[in-house]
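The values are calculated or read from the model by the stated rules, or taken from the named source; none is laboratory data. Everything numeric in this text was worked out from a predicted model, so none of it was measured. Every residue, glycine as well, gets a Cβ built from its backbone with ideal geometry; the counts of neighbours run over all protein chains shown.
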Amino acid sequence: MTIDRARFATGMSYDAFKGQMTRNRERLEENERRVEIRPEDLAAFRDLPRPLHVLVLAEDWCGDVIANLPVLARLSEQSGKLDVRILLRDQSDDVMEQYLNQGKYKSIPVFVFLDERFREVGHWIERPASVTELRAKRRREIFASDPAFGSPDAPVDQLPEDVRARLQEELAQMREETTAFANGEVIRELRELVTRVAA
């Protein structure tokens, strides 16, 4: 199924999405506060020759949605050039099937950029590869730093409670330390996508 004006219109605004969240809203709003957009990146969005529609597939339980949707929302709010509407992935299989990650995974968020006639001009899925690579490297380093953490491939729930708590704290700290990099990479990739379209 193609995304047309009528289907796009069924999507929620970002505020409506936040309003229906049953979990992770505090984390989402904390991430909103932490998004920093460099003036040159914002200018690239503001200078688009015409606004773009952005259809998003999301769910409130997904960490990548909680991390990356606020970046898109801030770009939309500050540039005035992105009209964002959000569909819940689990209620939108027809759209999700068109944007499977590697042709098989229902990864979210999905950002589908559409022109004024609702023709797709590009899409973006989940998170930048650079962020996946950095966090995987840092995760391996955390596990290697303490033999009690065991193997990065072993189920964490099998660790003793005190060890699991220390590990969770280290992993949370790592995510915290890499957030600015991750947000910058999301902005860079979205900027490349929209400016390629505008060229």
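Quick check on my filter: what residues within segment 16-49 are assigned to a helix (DSSP H, G or I), over 25 Å from GLY184 (Cβ atoms) and not aliphatic (A, V, I, L, M)? Don't jump to the end; show me each part of the working.
If we filter segment 16-49 for residues that are assigned to a helix (DSSP H, G or I), which is where we start, we get 16-20, 25-34, 39-46.
If we keep only those that are over 25 Å from GLY184 (Cβ atoms) too, we end up with 16, 19-20.
Those that are assigned to a helix (DSSP H, G or I), over 25 Å from GLY184 (Cβ atoms) and not aliphatic (A, V, I, L, M): GLY19, GLN20.
Hey, LYS106 hits all of (1) out of contact with any strand residue (DSSP E or B) (no Cβ under 6 Å at 6 or more places or on another chain); (2) at pLDDT below 95 but one; which does it fall short on?
In the conditions (1) out of contact with any strand residue (DSSP E or B) (no Cβ under 6 Å at 6 or more places or on another chain); (2) at pLDDT below 95, LYS106 misses (2) alone.
Which of the residues that make up segment 76-102 are among the aliphatic types (A, V, I, L, M), closer than 15 Å to ARG7 by Cβ and not in a helix (DSSP H, G or I)? Lay out the reasoning, then the answer.
Taking segment 76-102 first, the residues among the aliphatic types (A, V, I, L, M) are 82, 84, 86-88, 95-96, 100.
After this cut, where a residue has to be closer than 15 Å to ARG7 by Cβ as well, the list is 84, 86-88, 95-96.
The answer is VAL84, ILE86, LEU87, LEU88.
Please determine whether any residue of segment 114-135 is touching a His at 6+ places or on another chain (Cβ under 8 Å) and crowded, with 17+ Cβ neighbours inside 10 Å.
yes
Restricting the search to segment 3-38, which residues are over 21 Å from the mean Cα position of the chain (by Cα) and without any contact (Cβ under 8 Å) to a residue 60 or more places away in the chain?
Across segment 3-38, the qualifying residue is only ALA6.
Does any residue of segment 114-132 turn out to be without any contact (Cβ under 8 Å) to a residue 24 or more places away in the chain, part of a helix (DSSP H, G or I), among the hydroxyl-bearing types (Ser, Thr, Tyr) and at negative phi?
yes
Tell me, please, whether a residue that is among the β-branched types (Val, Ile, Thr), modelled with pLDDT of 95 or more and within 15 Å of the chain's Cα centre (by Cα) can be found in segment 43-55.
Here is the first cut: in segment 43-55, the residues among the β-branched types (Val, Ile, Thr) are 54.
Cutting the leftovers down to modelled with pLDDT of 95 or more gives us 54.
Now narrow it down to the ones that are within 15 Å of the chain's Cα centre (by Cα): 54.
The answer is yes; a qualifying residue exists.
Which of (1) within 21 Å of ASN31 (Cα to Cα); (2) outside any helix (DSSP H, G or I); (3) not small (Gly, Ala, Ser) does ASP153 not meet, given it meets every other one?
Only one criterion is unmet by ASP153, namely (1).
Output the residue which, of all residues in segment 103-113 that are free of Cβ contacts under 8 Å to residues at least 24 places away in the same chain and in a loop (DSSP other than H, G, I, E, B), is surrounded by the most Cβ atoms within 10 Å (Cβ to Cβ). Quick ask: steps written out before the conclusion?
Filtering segment 103-113 for residues free of Cβ contacts under 8 Å to residues at least 24 places away in the same chain gives 103-106.
In the following step, the residues that additionally are in a loop (DSSP other than H, G, I, E, B) were identified as 103-104, 106.
Values: GLY103: 5, LYS104: 7, LYS106: 15.
Top of the filtered list is LYS106.
Report the residue count in segment 126-164 for those that are of a type outside the set (S, T, N, Q) and under 26 Å from the mean Cα position of the chain (by Cα).
Filtering segment 126-164 for residues of a type outside the set (S, T, N, Q) gives 126-129, 131, 133-144, 146-150, 152-157, 159-164.
From the residues that got through so far, the ones that are under 26 Å from the mean Cα position of the chain (by Cα) too are 126-129, 131, 133-143, 152-153, 155-156.
Final tally of qualifying residues: 20.
Hey, could you check segment 175-196 for residues that are crowded, with 16+ Cβ neighbours inside 10 Å and of a type in the set (A, V, I, L, M) and say which is nearest to the chain's Cα centre (by Cα)?
The qualifying residue nearest to the chain's Cα centre (by Cα) is VAL186.
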